[in-house]
1. Looking only at segment 95-130, filter to residues that are surrounded by 15 or more Cβ atoms within 10 Å (Cβ to Cβ) and acidic (D, E); which one of those is farthest from W164 (Cα to Cα)?
2. Taking only pairs six or more apart or across chains, which ones have beta-carbon atoms under 6 Å, a first residue in segment 45-63 that is within 17 Å of S126 (Cβ to Cβ), and a second residue that is open to solvent by 40 Å² or more (accessible area, probe 1.4 Å) and assigned to a loop (DSSP other than H, G, I, E, B)?
3. Suppose we filter I68, I78 for residues that are within 16 Å of V45 (Cα to Cα), open to solvent by less than 10 Å² (accessible area, probe 1.4 Å), in contact with a strand residue (DSSP E or B) (Cβ under 8 Å, 6 or more places away or on another chain) and aliphatic (A, V, I, L, M); which single one remains?
4. May I ask you to list the residues in segment 66-81 that are at pLDDT 95 or above and part of a loop (DSSP other than H, G, I, E, B)?
5. Just checking, which of V145, V141 is among the β-branched types (V, I, T), open to solvent by less than 40 Å² (accessible area, probe 1.4 Å) and farther than 13 Å from W67 by Cα?
6. For S137, only one of the following conditions fails: (1) closer than 22 Å to I78 by Cβ; (2) not in a loop (DSSP other than H, G, I, E, B). What is its number?
7. Of the residues K163, K140, K129, K113, which is among the charged types (D, E, K, R), within 20 Å of the chain's Cα centre (by Cα) and closer than 23 Å to K54 by Cα?
8. Suppose we filter G84, G88 for residues that are open to solvent by less than 40 Å² (accessible area, probe 1.4 Å), at pLDDT below 95 and small (G, A, S); which single one remains?
Amino acid sequence: MKKFILIVIIIIILMIILSMFINKKELIEEKELEDNGKEKFNKLVINEYMSSNKGTLIDENGNSYDWIEIYNGKNKDINLKNYGLSDGNKVKWEFPDIVIKKDSYLIIYLSGKNEEGLHAPFKLSSAGKEQIVLTNSSGKVIDAVDTVPLTKGQSAARNLEGKWI
């Protein structure tokens, strides 16, 4: 009888230890799922870009410039005043006093000129190998994307998992 009780106690202890490892593995898998996109959409991100716009998207003046799409995945509206965009280290354009609603998108045209509205004074190379950088009003980088070569009219965008396609 003593041996039976001892075996049962050992089995219970082994089951407890085993369940701790299984739960830890499930937690790691859940964290990996969040890191693969779900978590990324709970913030302001660069969501899509086009570096060779040949009429796919036209601005308010009838011009087709390169463009960047920003997505607000937060649960609140964000005033983008003094947020910045660039294709490198130094901020090349600051957003005017404009609000992006929660769960909404905003297009910024890359005209290469100082124009009013949502027109940044730089362009993207269709050959890629640049970095699009989004900074907050304090100058902190909140998202950055390494561009890839794109053909005319082709864009790169995040899929539902947050991966670039």
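The values are calculated or read from the model by the stated rules, or taken from the named source; none is laboratory data. No experiment lies behind these values; they were computed from the predicted model shown. We place every Cβ from the backbone using ideal geometry, glycine too, and count neighbours over all the protein chains shown. These area figures cover heavy atoms from the full protein model, side chains too; ligands, DNA and RNA do not enter into them. Shrake-Rupley method; radii C 1.70, N 1.55, O 1.52, S 1.80 Å.
1. Per the stated criteria, the residue is E115.
2. Final answer for the pair search is S51/S126; S52/S126; S52/K152; N53/S64; K54/K152; G55/S64.
3. On the way: I78 fails: open to solvent by less than 10 Å² (accessible area, probe 1.4 Å).
Going through I68, I78 in turn, just one is within 16 Å of V45 (Cα to Cα), open to solvent by less than 10 Å² (accessible area, probe 1.4 Å), in contact with a strand residue (DSSP E or B) (Cβ under 8 Å, 6 or more places away or on another chain) and aliphatic (A, V, I, L, M): I68.
4. The answer is K76, D77, L80, K81.
5. Details: V141 fails: open to solvent by less than 40 Å² (accessible area, probe 1.4 Å).
That would be V145, the only listed residue that is among the β-branched types (V, I, T), open to solvent by less than 40 Å² (accessible area, probe 1.4 Å) and farther than 13 Å from W67 by Cα.
6. (2)
7. Sole residue among the options that is among the charged types (D, E, K, R), within 20 Å of the chain's Cα centre (by Cα) and closer than 23 Å to K54 by Cα: K129.
8. On the way: G84 fails: at pLDDT below 95.
Within the list G84, G88, the selection yields G88.
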